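Please see the structure below; I have some questions.
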Amino acid sequence: MSFMNKQLIRAVLGVALVFAVAMPASAQDTKVGVVSLQAIVERAPQTKVVMDALREEFAPDERAIVAKQKEIEDLQAKVQKDLAVMGETERRNAEKNLRELGREFERMRTEFQEDSNLRQNEEIGQLQRTILKEVQDYAQAQGYDLIIGDGVLYASAAANITEDVLNAVIANHEAASQ
């Protein structure tokens, strides 16, 4: 299914949802809220904690990559300086060493990127699930009948409860930290 078809289906479903909510609202009061999960994830203190922990977890690997890059640069500088006095065999060995170091550096960098991305996706996924649970808890506690998330084209300030939910997420984080 193409991207445009998916977007069209989402828009149609969104409009249908609005009408479905609006009809019963005339018969009874339905409390509806809109939340931007992305905004909450970006601004939640838990996100900073997770990102700091990931930076600390991968700092040794990052230092090793920087050291390997420095080693390559130093060897290149030495080879350039000594190129005029090197014999043919010595020059070929130096070039071979540089190629091997370059391959090892690329391998280290690729592994680092893959491992880092995997861990970041795991942690962000867990964080999103936690925040989604907090949104659900907030909605139940405040008596909301329906909370709409991403894909909303318009929400009035009264319906947009993102800031209220974010404040609850922050308060829960601070309470858990103490």
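Restricting attention to region 118-178, which chymotrypsin sites (Phe, Trp or Tyr not before Pro) occupy a DSSP loop and are surrounded by at most 15 other Cβ atoms within 10 Å?
Qualifying residues, ordered by number: Y154.
Could you run the Karplus curve 6.51 cos²θ - 1.76 cosθ + 1.60 with θ = phi - 60° over region 127-138 and give me ³J(HN,Hα) per residue in whole Hz, x for Gly and Pro?
4, 4, 5, 5, 5, 4, 5, 5, 5, 5, 4, 4
Sticking with this one: Tabulate in residue order the Karplus-calculated ³J(HN,Hα) for region 88-104, using 6.51 cos²θ - 1.76 cosθ + 1.60 with θ = phi - 60°, rounded to whole Hz; enter x for Gly and Pro.
Result, ordered by residue: 4, 5, 5, 5, 4, 5, 5, 5, 4, 4, 5, 4, 5, 4, x, 5, 5 Hz.
Right, here's the next one. Counting only residues 5 or more places away or on other chains, whose amide H sits under 5 Å from the amide H of I147 once H atoms are built in the peptide plane?
So I147 has HN proximity to G33.
Still on this model: From the Cα gyration tensor of region 111-178, with a ≥ b ≥ c the square roots of its eigenvalues, which class applies: rounded if a/c is under 1.5, or else prolate if a/b is larger than b/c, or else oblate?
Note, shape of region 111-178 comes out oblate.
Right, next: Relative contact order for region 28-177: what is it in percent, counting Cα pairs under 8 Å that are at least 6 residues apart?
58 percent
With unit charges on the beta carbons (Lys and Arg positive, Asp and Glu negative) and the dipole taken about the Cα centre of region 28-177, which residue among L118, N167, V66 sits farthest to the positive side?
Of the listed residues, the answer is V66.
Also, quick follow-up: Collect residues whose amide H, placed 1.01 Å from N in the peptide plane, falls under 5 Å from the amide H of N160; neighbours closer than 5 in sequence don't count.
Residues meeting the criterion, in which the H sits 1.01 Å from N, are V34.
Net charge around S36, counting only other residues with Cβ within less than 11 Å of its Cβ (Lys, Arg = +1; Asp, Glu = -1)?
Value of the local net charge: -2.
I need the phi-derived Karplus couplings for region 106-113: 6.51 cos²θ - 1.76 cosθ + 1.60, θ = phi - 60°, integer Hz, Gly and Pro marked x.
Result, ordered by residue: 4, 4, 4, 5, 5, 4, 4, 4 Hz.
So if we plug the beta-carbon distance of A155 and A176 into 1/(1 + (r/R0)^6) with R0 = 30 Å, what FRET efficiency do we get, rounded to 0.05?
So, using R0 = 30 Å, E works out to roughly 0.55.
Computed from the coordinates by the stated procedures, all read-outs in this text should not be read as laboratory data. Everything numeric here is computed off the predicted structure, so don't read it as measured data. For neighbour counting, all protein chains shown are included, and Cβ atoms are generated from backbone atoms with ideal geometry for every residue, glycine included.
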